[in-house]
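Since the structure comes first, as structure tokens, the remarks are kept for the end.
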Amino acid sequence: MLKNFILALTVTLVVFAGTATCFAGDPPKPDPTGASIGTAADVVNATSGAPTADDMEKMAATEPLAVKLADVVGHNRIAINMVWVLFCGFLVMFMQAGFALAETGFTRAKNAGHTMGMNMMVYAIGMLGFWICGFGLQMGGSGGAATLGGGALLNEEFIVSIFGKDFGLFGMKGFFLGGDVYDSTVLTMFLFQMVFMDTTATIPTGSMAERWTFKHFIVYGFFISMFVYPLYANWVWGAGWLSQIGANFGLGHGVVDFAGSSVVHMTGGVAALAGAIVIGPRMGKFRADGTPNAMPGHHIPMAIAGCLILAFGWFGFNAGSTLAGGDLRIGVVAVNTMLASAGGSMTALLYMWFRYGKPDISMAANGLLAGLVAITAPCAFVTPISSVIIGGIGGILLCMSVLFIENTLKIDDPVGAISVHGVNGAWGMLAVGLFSDGTYGDKLNGVEGAVTGLLYGDASQFMAQLVGVSVNIVFVFVVMFIFFKVSNKFVKMRVAPELEQEGLDMAEVAVIGYPEFTINKTHR
């Protein structure tokens with residue numbers, strides 16, 4: 001049944017992709033080699049001291065050699081940006097190893113192979129789903145990125161007009177990366193956007209670890225990478241309607257999410273919440289009276305190493321989102337990222353120390369991630385002092401959320417994914433509307449002036465951020481909850497009780513994480 005479902009879905013998308021291309025206008029020609037990308041036009045107004053269009057016109061008539069030199073400069077400018085974006089994309093891809101180590105270390109030894117397997121295969125599954133239609137839905141109408149030489153081939157957005165305002169809902173070009181999007185700029189954008197999407201797809205593997213069937217995990221991987229993530233990402237990053245509520249309704253710069261607190265992390269965290277509710281807690285997690293039993297992770301050093309790898313990859317995540325190595329704001333973004341991670345780790349450590357009498361290193365490691373998630377949206381718009389505050393609040397929110405979700409809501413989240421990514425993704429979005437200091441972001445989403453938050457005099461940006469958070473919660477939770485409920489009727493989400501008791505490694509993925517020794521059942 002699973003094979004037939006995937007085959008039918010693929011055929012449908014092929015037809016849909018062909019139909020979308022048929023309705024295309026006269027698009028620019030693709031340039032797969034990049035030979036024509038980056039000309040004198042990419043020098044014009046590149047910086048405050050760069051020549052204007054009038055300067056270049058006069059130069060062309062009297063100084064042809066200068067124009068040729070400007071072409072070289074323009075090509076090199078685009079090349080530097082493209083190398084920067086690719087390098088940062090490679091860093092973000094390496095975060096997959098961090099997730100695998102963190103989630104496996106925070107769960108039990110008898111499921112190590114299964115947890116590692118999900119973290120590895122979500123990379124391949126998510127990539128294929130994004131290639132089939134996710135990228136097209138997300139970026140097909142975005143118009144590309146000027147810093148990478150254009151990408152104007154991505155010029156078809158499905159738009160509805162309400163009250164005289166245009167609302168972009170999804171892209172209609174770029175499916176299978178075929179046809180006229182065979183272009184070096186477009187493919188560079190695909191790689192960078194794909195590794196961001198894969199972070200989202202990975203997050204629920206932690207919340208549903210130790211009881212999720214591998215078959216259902218595969219169905220989930222295609223669904224979130226092909227439809228759920230791309231749609232919300234289009235609304236914020238693909239020139240969709242949430243990015244335009246500033247231009248359309250005067251709400252700041254529209255929904256602003258520089259590197260993905262909501263698009264990436266909150267989407268993953270809300271999906272993780274829906275999945276954890278539907279699949280239910282692990283056997284033995286809660287006593288008869290509802291109080292939780294501790295189920296310690298089997299390898300805390302592995303988990304901490306994974307968190308540090310994630311922190312390293314996060315520099316690509318945040319600083320790479322400038323899409324320009326020549327944008328010197330990357331230094332500010334990188335430092336803000338570092339400081340927020342330190343703030344989150346420290347406050348999580350102190351919170352647990354004061355509350356329980358001992359510092360909890362596992363919570364401090366998750367606090368590191370909480371600070372990083374929180375700073376991901378505002379990292380380009382805030383000061384270093386604000387970054388420490390944002391990260392520090394994120395660490396406290398993490399601890400409070402983990403305890404609330406487990407003790408009050410009775411939801412079993414083995415690695416704290418809902419709190420790290422969902423709760424702090426929302427906090428990061430609100431932080432943009434509070435702490436943005438008005439020094440960066442001019443013309444973002446087509447709005448004049450820099451991004452400015454409530455504490456610096458602009459309440460409208462905070463309102464826009466509230467809209468973005470609310471839409472994410474409603475859209476992602478409702479869609480994913482229905483998906484888990486319906487798909488569970490056809491492909492079982494949860495393994496049989498005897499397999500859960502024994503461990504999922506051999507039964508689900510045909511390997512044992514630790515074959516050299518037998519784990520004492522009391523510690524499993």
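The values are calculated or read from the model by the stated rules, or taken from the named source; none is laboratory data. These numbers come from a predicted model, not from an experiment. Reconstructed Cβ throughout: ideal geometry from the backbone, glycine too, with neighbour counts over all protein chains shown.
Yes or no: Val415 free of Cβ contacts under 8 Å to residues at least 40 places away in the same chain and more than 28 Å from Gly331 (Cα to Cα)? Considered against the rule, which asks whether it is free of Cβ contacts under 8 Å to residues at least 40 places away in the same chain and more than 28 Å from Gly331 (Cα to Cα), Val415 comes out as no.
Which one is surrounded by the fewest Cβ atoms within 10 Å (Cβ to Cβ) among residues in the stretch 187-203 that are within 11 Å of the chain's Cα centre (by Cα) and not hydrophobic (A, V, I, L, M, F, W, C)?
Across the stretch 187-203, the extreme among qualifying residues is Gln193.
Taken together, the residues in the stretch 223-232 that are surrounded by fewer than 22 Cβ atoms within 10 Å (Cβ to Cβ) and either part of a loop (DSSP other than H, G, I, E, B) or of a type outside the set (A, V, I, L, M) (or both) amount to 2.
Any residue at all in the stretch 309-327 that is of a type in the set (Gly, Ala, Ser) and without any contact (Cβ under 8 Å) to a residue 60 or more places away in the chain? No. Taking the numbered list (1) part of a helix (DSSP H, G or I); (2) in contact (Cβ under 8 Å) with a residue 40 or more places away in the chain in turn, Ile482 passes all entries but (2).
Among the residues of the stretch 450-464, write down those that are among the aliphatic types (A, V, I, L, M) and either part of a helix (DSSP H, G or I) or under 11 Å from Phe249 (Cα atoms) (or both). Hits for the stretch 450-464 are Leu454, Leu455, Ala459, Met463, Ala464.
Residues that are buried (at least 24 other Cβ atoms within 10 Å of the Cβ) and within 21 Å of the chain's Cα centre (by Cα) were ranked within the stretch 174-186; the one that is farthest from Gly141 (Cα to Cα) is Thr185. Take the conditions closer than 17 Å to Asn424 by Cβ, surrounded by fewer than 24 Cβ atoms within 10 Å (Cβ to Cβ) and under 21 Å from the mean Cα position of the chain (by Cα) and apply them to Met346. Does it pass? No. In the set (1) in contact with a His (Cβ under 9 Å, 6 or more places away or on another chain); (2) buried (at least 16 other Cβ atoms within 10 Å of the Cβ), the condition left unmet by Leu368 is number (1). In this structure, is Ser243 polar (S, T, N, Q), buried (at least 21 other Cβ atoms within 10 Å of the Cβ), within 15 Å of the chain's Cα centre (by Cα) and at pLDDT 95 or above? Criteria not met by Ser243. Within the bounds of the stretch 189-197, is there any residue that is in contact (Cβ under 8 Å) with a residue 24 or more places away in the chain, under 27 Å from Ala311 (Cα atoms) and touching a Lys or Arg at 6+ places or on another chain (Cβ under 9 Å)? For the stretch 189-197, residues in contact (Cβ under 8 Å) with a residue 24 or more places away in the chain, under 27 Å from Ala311 (Cα atoms) and touching a Lys or Arg at 6+ places or on another chain (Cβ under 9 Å): absent. Can you spot a residue in the stretch 309-327 that is more than 20 Å from Ala259 (Cβ to Cβ) and surrounded by fewer than 18 Cβ atoms within 10 Å (Cβ to Cβ)? No, because not a single residue in the stretch 309-327 is more than 20 Å from Ala259 (Cβ to Cβ) and surrounded by fewer than 18 Cβ atoms within 10 Å (Cβ to Cβ). Scanning the stretch 198-212 for residues that are closer than 22 Å to Val491 by Cβ and either at pLDDT below 95 or assigned to a helix (DSSP H, G or I) (or both) turns up Asp198, Thr200, Ala201, Thr202, Ile203, Pro204, Thr205, Gly206, Ser207. Of all residues in the stretch 204-221, one or more are buried (at least 24 other Cβ atoms within 10 Å of the Cβ), within 14 Å of the chain's Cα centre (by Cα) and within 27 Å of Ser419 (Cβ to Cβ). Within the stretch 478-487, being surrounded by fewer than 17 Cβ atoms within 10 Å (Cβ to Cβ) and touching a helix residue (DSSP H, G or I) at 6+ places or on another chain (Cβ under 7 Å) holds for one residue alone: Lys485. On the stretch given as the stretch 266-291, residues that are surrounded by fewer than 20 Cβ atoms within 10 Å (Cβ to Cβ) and among the small types (Gly, Ala, Ser) total 4.
If we scan the stretch 456-464, do we find a residue that is touching a Pro at 6+ places or on another chain (Cβ under 6 Å), modelled with pLDDT of 95 or more and over 19 Å from Asp257 (Cβ atoms)? No; the residues of the stretch 456-464 include none that is touching a Pro at 6+ places or on another chain (Cβ under 6 Å), modelled with pLDDT of 95 or more and over 19 Å from Asp257 (Cβ atoms). Among the residues making up the stretch 392-421, those that are under 19 Å from Gly306 (Cβ atoms) and in contact with a helix residue (DSSP H, G or I) (Cβ under 6 Å, 6 or more places away or on another chain) are Gly394, Gly395, Leu398, Val402, Asp413, Val415, Gly416, Ala417, Ile418, Ser419, Val420, His421. Candidates are the residues of the stretch 440-453 that are touching a Gly at 6+ places or on another chain (Cβ under 6 Å) and of a type in the set (A, V, I, L, M); the one that is surrounded by the most Cβ atoms within 10 Å (Cβ to Cβ) is Val451.
Among the residues here, Val256 qualifies as part of a loop (DSSP other than H, G, I, E, B) and of a type in the set (Val, Ile, Thr).
When the stretch 426-449 is filtered for residues that are in contact (Cβ under 8 Å) with a residue 40 or more places away in the chain, part of a helix (DSSP H, G or I) and of a type in the set (A, V, I, L, M), the ones remaining, listed by number, are Ala426, Met429, Ala431, Val432, Leu444.
Within the stretch 508-521, one or more residues are of a type outside the set (Asp, Glu), assigned to a helix (DSSP H, G or I) and at pLDDT 95 or above.
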